[in-house]
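This report concerns only the one structure given below.
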Amino acid sequence: MSRDQIIGALILAASVIGIVIYGWILFFTEWTILLLQLTGFVAVAAILGILAWIGYTLATTPPPKPIEEIEKELGDELKKLEEEVKESSKESSGEKEG
């Protein structure tokens, strides 16, 4: 068995044990209300935490460059490359003549 398979089997076993313990506490103890309250709190806190993280990321990430600016930069780079190709072709044709 590879290491990944062992980890997978452990996760599977822990999950099944967790389900059994959760069900036992939920249906067979006096802690039912507290368990439901904790479950609801954790679920809502997880969702709101994810939304807070998304909001923070959107608020702190700088906006992208406008597409027109990117197109201009690409056009400038293309012109430079075309000039370099022309110069190199002139040099190589000059070498052949000489």
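The values are calculated or read from the model by the stated rules, or taken from the named source; none is laboratory data. What you are looking at is a predicted structure, and each value in this text was computed from that prediction instead of being measured. Positions of Cβ are generated from backbone atoms using ideal geometry, with glycine treated the same way; all protein chains shown enter the neighbour counts.
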If Pro64 satisfies all but one of (1) part of a helix (DSSP H, G or I); (2) exposed (fewer than 10 other Cβ atoms within 10 Å of the Cβ), what's the number of the condition it fails? (1)
Apart from one, (1) surrounded by fewer than 10 Cβ atoms within 10 Å (Cβ to Cβ); (2) modelled with pLDDT of 90 or more; (3) part of a helix (DSSP H, G or I) all hold for Lys96; the odd one out is (2)
Which numbered condition Val44 fails, given (1) loosely packed, with under 10 Cβ neighbours inside 10 Å; (2) of a type in the set (A, V, I, L, M); (3) assigned to a helix (DSSP H, G or I): (1)
